[in-house]
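A.B. asks: If you scroll down you'll find the structure; I have some questions about it.
The values are calculated or read from the model by the stated rules, or taken from the named source; none is laboratory data. Keep in mind that this is a model prediction, so the values were computed, not measured. Cβ placement follows ideal geometry from the backbone for every residue including glycine, while neighbour counts extend to all protein chains displayed. Just so you know, the surface numbers come from the protein's heavy atoms only, side chains and all, with ligands and any DNA or RNA stripped out. Shrake-Rupley method; radii C 1.70, N 1.55, O 1.52, S 1.80 Å.
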Amino acid sequence: MENLFENQDIIDVNIEDSVKTSYLDYSMSVIIGRALPDAKDGLKPVHRRILYAMHELNVTSKAAYKKSARIVGDVIGKYHPHGDTSVYDALVRMAQSFSMRAPLVDGQGNFGSVDGDNAAAMRYTEARMTRIAEEVLRDLDKDTVNFVPNYDDTMKEPSVLPTRVPTLLLNGSEGIAVGMATKIPPHNLGELLDAILYLIDNPDAVASDLMEFIQGPDFPTGGTIFGRRGIIDAYNTGRGRVKIRAKHHIETRAKKEIIVIDELPYQVNKARLIEQIAELARDKQIEGISEVRDESDREGIRVVIELKRDAMAEIVLNNLYKSTPMETTFGIILLAVHNKEPKIFTLPEILNIFLSHRKTVIIRRTIFDLEKAKARAHILEGLKIAVDNIDEVVKIIRASSNDAEAKQNLENRFDLSPIQSQAILDMRLGRLTGLQRDKLEAEYQELMILIAELESILRSEDKLNEIIREELNEIKEKFSNPRRTEIEDSYDEIDIEDLIPNEPMVVTITHNGYVKRVPIKAYEKQKKRWKRKSCSYNSR
């Protein structure tokens, strides 16, 4: 024990500096590696790894469903060294149509509900990618993005995905990091693509220009946004607050009004909302409600609120907006990571980052295709030489004692590269027929045209932009759909007068100056006579 630390160096460390360094390391790990999305592909690391694992398993939209447990196992075993619950929860959310504006996972089985029901265990559910998720991963195998080592340095994973879809704004994102948080609402795909197409021709466009195309958030559960001030603030500064109300219509049955809720604000739990309304009605905190019931089915949401005969629907609605999640506030924070740095972005900045990412992906894809085409053309040039001099080639090969000598002799005689000489040795005799020689020449000419086209793309900014336009229009044609969330131009705060029924009242004033208000109906039921000075008026 005396010699235990004999050969150890003892270093004096300031505890304050040590804690500060350790906490900063932890903070950056959470910010970059877990909690915040990347501004380029709009995905957090866990979502990116789930999609990449599904890509590696070839679980495409046309393939058979695969057990969620198998997908989660691959993710945590290869790329995401965290608990399986966090990975499965992320996979489930990507499959929920009420959470994502464009779900990236096609789930089979119980993946939860708008009532707050949990998904079934991962051993029971199955999943595969949706068609739009394939567009997020397209061209991944063409050296379009950088790959980095996984957590144990045994495999590679993409640092970002080469998405054709502006996923960050399309599906939004929420995350709490250390000292910062992000809360990005979902948007309509068609509106986003129109704004990006406009941005290609007008790179200096500001938020007000882009808002000609992007009206505002478009939540998967619909609802109505009241007021544009919060949207304008969010798009110009990166921060804003929007008010969202449930959509409803009023029916009349047996001389009674019935409020029917058709759409809920984003992330509102339907079962909990119904329970809360029932409690408020039972405790007489909201007057006029006789019954609340849920008539929702697979066709959509239908929450029925039956009113009493003398109740006024507008008064009850105003009380519900004031006291329940039928009206919520969504605080927008456009925070994302760009080049390993967290930052709050404006709308034009986010769209410009996506556009710049697409240009980089297309340039790298073009270079990959160009190198591949040139390599094939190089081989075809060697094969053409061999076909044109087939008798001499056969003679050289027959005279050689082994493959290595034959390769060297061919290279020396016809000035070929090792790749060309090997291709000649591997060539089948069937390539010597006239038809095959014509095919060889036709393939070579096609490659020459392709090489010229690819080189022109790399030289021309206009051609690059034209490719981006074509791809965005293709995505829009395939996947865009109508807006679900309505936006009203103005919003007035609910005033206390809006919660008071407009009906006749009796105001009683005593000799001592006390004032009491009683509805005429209630006063008449008491069958009292006037004994004090009083007057009748409308509450408003």
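A.B. asks: Out of (1) open to solvent by 50 Å² or more (accessible area, probe 1.4 Å); (2) within 25 Å of P342 (Cα to Cα); (3) of a type in the set (A, V, I, L, M, F, W, C), what's the single condition that is false for M155?
C.D. replies: (2)
A.B. asks: Here's another thing I want to ask about it. Go through A373, A423, A386, A404 for me and flag whichever is farther than 30 Å from D204 by Cα and at pLDDT 95 or above. Reasoning before the result, please.
C.D. replies: Working: A423 fails: at pLDDT 95 or above; A386 fails: at pLDDT 95 or above; A404 fails: at pLDDT 95 or above.
Of the residues listed, the single one that is farther than 30 Å from D204 by Cα and at pLDDT 95 or above is A373.
A.B. asks: Please go through the range 198-223 and give me each residue that is open to solvent by less than 10 Å² (accessible area, probe 1.4 Å) and outside any loop (DSSP other than H, G, I, E, B), ordered by number.
C.D. replies: Within the range 198-223, L199, A207, L210 meet the criteria.
A.B. asks: List the strands (runs of 3 or more DSSP E) inside the range 286-366, counting only whole elements, that have at least 2 residues being at pLDDT below 95, crowded, with 21+ Cβ neighbours inside 10 Å and of a type outside the set (A, V, I, L, M, F, W, C). Give the steps one after another, and end with the answer.
C.D. replies: Working: elements: 289-294, 303-307, 327-333, 335-338, 341-344.
Those strands (runs of 3 or more DSSP E) do not exist here; none qualify.
A.B. asks: Let me ask something additional. Going through the range 225-258 one residue at a time, which ones are outside any helix (DSSP H, G or I) and closer than 24 Å to L335 by Cα?
C.D. replies: Result: I225, F226, G227, R228, G238, R239, G240, R241, V242, K243, I244.
A.B. asks: For the subset of the range 410-427 comprising residues that are touching a residue at least 24 places away in the same chain (Cβ under 8 Å) and in contact with a Lys or Arg (Cβ under 8 Å, 6 or more places away or on another chain), which member is nearest to R376 (Cα to Cα)?
C.D. replies: So, considering only residues that are touching a residue at least 24 places away in the same chain (Cβ under 8 Å) and in contact with a Lys or Arg (Cβ under 8 Å, 6 or more places away or on another chain), the one nearest to R376 (Cα to Cα) is S421.
A.B. asks: Answer with yes or no whether G175 is buried (at least 16 other Cβ atoms within 10 Å of the Cβ), farther than 20 Å from L57 by Cβ and in contact with a strand residue (DSSP E or B) (Cβ under 9 Å, 6 or more places away or on another chain).
C.D. replies: Details: buried (at least 16 other Cβ atoms within 10 Å of the Cβ): yes; farther than 20 Å from L57 by Cβ: yes; in contact with a strand residue (DSSP E or B) (Cβ under 9 Å, 6 or more places away or on another chain): yes.
Yes; evaluated as a whole, the condition is true for this residue.
Residue by residue, here is whether (1) under 27 Å from V268 (Cα atoms); (2) touching a Lys or Arg at 6+ places or on another chain (Cβ under 7 Å) holds:
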residue	(1), (2)
Y65	no, yes
G73	no, no
I76	no, no
A90	yes, no
G112	yes, no
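A.B. asks: Residues of the range 255-265 being closer than 23 Å to F219 by Cα, crowded, with 17+ Cβ neighbours inside 10 Å and among the aliphatic types (A, V, I, L, M), which ones? Full working, then the answer.
C.D. replies: Of the range 255-265, the ones closer than 23 Å to F219 by Cα are 259-265.
This time we only want the ones that are crowded, with 17+ Cβ neighbours inside 10 Å, so: 259, 261, 263-265.
Within the range 255-265, I259, I261, L264 qualify.
A.B. asks: While we're here: Anything in the range 62-79 that is open to solvent by less than 20 Å² (accessible area, probe 1.4 Å) and either without any contact (Cβ under 8 Å) to a residue 40 or more places away in the chain or hydroxyl-bearing (S, T, Y) (or both)? List them, or say none. Walk me through how you get there before you give the answer.
C.D. replies: Residues of the range 62-79 that are open to solvent by less than 20 Å² (accessible area, probe 1.4 Å), as a first pass: 68, 71-72, 75, 79.
Result: S68, V75, Y79.
A.B. asks: Can you name the strands (runs of 3 or more DSSP E) wholly within the range 95-173 that have at least 3 residues being in contact (Cβ under 8 Å) with a residue 24 or more places away in the chain?
C.D. replies: Passing ranges, in order: 105-108, 126-129.
A.B. asks: Checking A234 against (1) modelled with pLDDT of 95 or more; (2) more than 20 Å from P185 (Cβ to Cβ), only one condition comes out false. Which one?
C.D. replies: Single failed check for A234: (2).
A.B. asks: Mind checking which pairs have a first residue in the range 223-246 that is of a type in the set (F, W, Y) and a second that is part of a helix (DSSP H, G or I), Cβ under 9 Å, 6 or more apart or different chains?
C.D. replies: Final answer for the pair search is Y235/A207; Y235/S208; Y235/L210; Y235/L347; Y235/P348.
A.B. asks: Counting residues that are among the β-branched types (V, I, T), exposed (fewer than 13 other Cβ atoms within 10 Å of the Cβ) and within 55 Å of the chain's Cα centre (by Cα), which helices (runs of 4 or more DSSP H) fully inside the range 382-482 reach at least 1? Lay out the reasoning, then the answer.
C.D. replies: On the way: elements: 390-399, 403-414, 418-426, 434-459, 461-479.
Helices (runs of 4 or more DSSP H) meeting the threshold: 418-426, 434-459.
A.B. asks: How many residues are without any contact (Cβ under 8 Å) to a residue 40 or more places away in the chain and more than 25 Å from L193 (Cβ to Cβ) when one looks only at the range 355-374?
C.D. replies: Total satisfying the criteria: 2.
A.B. asks: With the structure loaded, tell me whether T252 is of a type in the set (S, T, N, Q) and surrounded by 15 or more Cβ atoms within 10 Å (Cβ to Cβ) or whether it fails that test.
C.D. replies: On the way: of a type in the set (S, T, N, Q): yes; surrounded by 15 or more Cβ atoms within 10 Å (Cβ to Cβ): no.
It is false that T252 is of a type in the set (S, T, N, Q) and surrounded by 15 or more Cβ atoms within 10 Å (Cβ to Cβ).
A.B. asks: Of all residues being open to solvent by 30 Å² or more (accessible area, probe 1.4 Å) and either in a helix (DSSP H, G or I) or out of contact with any strand residue (DSSP E or B) (no Cβ under 9 Å at 6 or more places or on another chain) (or both) in the range 179-196, which is farthest from E474 (Cα to Cα)? Just the residue, please. Steps first, please.
C.D. replies: Residues of the range 179-196 open to solvent by 30 Å² or more (accessible area, probe 1.4 Å): 179-181, 183, 194.
After this cut, where a residue has to be either in a helix (DSSP H, G or I) or out of contact with any strand residue (DSSP E or B) (no Cβ under 9 Å at 6 or more places or on another chain) (or both) as well, the list is 179, 194.
Values: G179: 40, D194: 12 Å.
The extreme case among them is G179.
A.B. asks: Among the hydrophobic types (A, V, I, L, M, F, W, C), assigned to a loop (DSSP other than H, G, I, E, B), touching a residue at least 60 places away in the same chain (Cβ under 8 Å) and open to solvent by 20 Å² or more (accessible area, probe 1.4 Å): is that true of V268 in this structure? First the steps, then the outcome.
C.D. replies: Values: among the hydrophobic types (A, V, I, L, M, F, W, C): yes; assigned to a loop (DSSP other than H, G, I, E, B): yes; touching a residue at least 60 places away in the same chain (Cβ under 8 Å): yes; open to solvent by 20 Å² or more (accessible area, probe 1.4 Å): no.
When the stated conditions are applied, V268 does not pass them.
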